[in-house]
Structures are given as C-alpha cells and as structure tokens.
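See structure below.
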C-alpha cells in the first residue's frame, strides 16, 4: 500500500466508498474508517499501520498544498 488510491481500493473490499467533496476530508474519513475496521478486528495490525502511515503522509501533503 503506497498511496491514498490504494487505501480507497482496499476499503472498497469492505463496501466502504468515500467521496465527501474535498480531498482532505476524504483522507480524514478514510482514516476514521480504517480505525473502525481495525477496532472491529477486520484489519490485521500490519495493514492497519501501513494505511495509517499512508493517510498521515497524504494528509500532510494535502495540508501543505492548501496552505501554499
């Protein structure tokens, strides 16, 4: 898992489709969904950690884009 698109594809396997309207909001919603899947025992710890890292990086990059 290397980018936000990969995370979205993974979430779709569980019937989770995200499109809130702004990329930053989409990233934040994906992070909440990943947390919920992990807490419910659906996601293995390794995949959870990978997705959280990807989402944190994408969130940081998107905030920088919006502030420039």
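Quick note: the coordinates plus some simple rules give every number you see, no bench work behind them. Everything quoted here is computed from the prediction, not taken from an experiment. Cβ coordinates were reconstructed from backbone atoms using ideal geometry, including for glycine residues, and neighbour counts include every protein chain displayed.
Numbers below:
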quantity	calculated
Sequence ranges 34-41, 48-55, ranked by mean other-Cβ count within 10 angstrom, highest first	48-55, 34-41
Full-stretch length increase - residue 67, residue 47 - with 0.36 nm per residue and alpha-carbon distance subtracted	4.2 nm
Whole-number percent relative contact order across the chain, with pairs defined as alpha carbons under 8 Å at least 6 apart	40 percent
Three principal axis lengths of the chain [C-alpha, angstrom, descending]	39, 22, 17
Mean residue ellipticity (222 nm) of the chain, computed from DSSP H runs ≥ 4 via -39,500 (n - 2.57), nearest 500	-24000 deg cm²/dmol
